[in-house]
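K.L.:
First the structure, then my questions, so here it is.
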Amino acid sequence: MPNILYPIEWAVAWLMYLCHQFFVFLGLSSGAGAAWILSIVGLTIIIRVLLIPLFFKQIKASRAMQMIQPELQALQKKYKNKQDPASREAMGRETMELYKSHGTNPMASCMPLLLQTPVFFALFRVLNSLSGIAAGTKSPIGPIDQTVAQAAEQSKLFGANLSATFLHQPTDMNTKIVAAVLIVMMCATLYITQRQLTMKNMPPSALVGPMAQTQKIMLYVMPGMMAISGVNFPIGVLIYWVVTNLWSTGQQFYTITRMPAPGSEAERRLNERKARKAALKGIVIEAETPTIIEAPRGQRQQPVRKNRKKKK
């Protein structure tokens, strides 16, 4: 069966090798050592830089999905007791029209994660192949031949080989401790990233309802799933996930601080910062009131200008 991930494995291997050569150029050892560990960090940064445009689309899509929750709830209430095919078709059509009018869809917020998945599996396979390539029982991958693989295989993070795992042999207590620390860091940074996006950058109206409850559950489900899976990840893959989660946290913090969602806690804090900065310049202004976004309450009464009101 052909390996459909081989082109991505080849690209990952080359990126790791070029990052390694860059750190060797800076003065690190060309053999086993820190240069190979830093090459994984470099690989992660390159991938995340390439995903920056998609990251901003993810933020926009996720924000839009939360903001339209009141309208989605109203739509669900409208068709709550209607199970006939015509009503279900109408509900689906109106839901898609709602997504289209707001320029979002449920899959858009998952796109960066989906695009990272093949890279994750490719890195997993490259690291798992190091011992076989070093022993001569597996074919080289890109520039990683037997000599290069031997150096990479012997590289250690606090005494744990990059290809070693918490669960599978060969492993030892030192490797288990390093892997456990990295797994905890991976899960903690993932939780912080998700909580930062959902709890601090959404208006109160978007924090209620079925989707909001699902988001709160996922705050704990995703880190839990990663913790269970993490015992099978090589040390190098755990380094990749810790670095990518740290990058996501910092990137989101920067975005939320400067471009918060209307009506969110982040918007209130931004308005307060603007007021304090203006006060330091001698300009006295009141902090702007955060945008209030409420669930729809039926048809809105249209405003009437005073000079058009009927005289009694």
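K.L.:
How much length would be gained if the chain were fully extended between I177 and R195, taking 0.36 nm per residue of separation minus their Cα-Cα distance, in nm to one decimal?
P.N.:
Result for the pair: 3.8 nm of gain on full extension.
K.L.:
Measure up K100/K216; K100/K274; K176/K216 against 28 Å on the Cα-Cα distance and list the ones that go over.
P.N.:
Table pairs above 28 Å Cα-Cα are K100/K274; K176/K216.
K.L.:
Report the label-to-label distance for S29 and A188 in nanometres (one decimal), using points 7 Å from each Cα along the Cα→Cβ vector.
P.N.:
2.9
K.L.:
What does the charge count around L54 come to, taking other residues whose C-beta lies under 13 Å from its C-beta (Lys +1, Arg +1, Asp -1, Glu -1)?
P.N.:
Charge balance in the 13 Å sphere: +3.
K.L.:
Multiplying the sequence separation of Q169 and A227 by 0.36 nm and subtracting their Cα-Cα distance, what value in nm do you get?
P.N.:
Going from the current span to full extension adds 19.0 nm.
K.L.:
Residues with beta-carbon under 10 Å from that of A90, excluding A90: net charge, scoring Lys, Arg +1 and Asp, Glu -1?
P.N.:
Spelling it out: positives minus negatives among the neighbours equals +1.
K.L.:
May I pose another question? If you take every residue apart from I141 with its C-beta less than 14 Å away from the C-beta of I141, what net charge results, scoring Lys and Arg +1 and Asp and Glu -1?
P.N.:
Computed value for this residue: -1.
Laboratory data are not the source of any read-out in this text; all were calculated from the coordinates shown. It should be emphasised that the depicted structure is a prediction, and the values quoted were computed from it without experimental measurement. Here the Cβ is made from the backbone with ideal geometry for all residues, glycine too, and neighbour counts use every protein chain on show.
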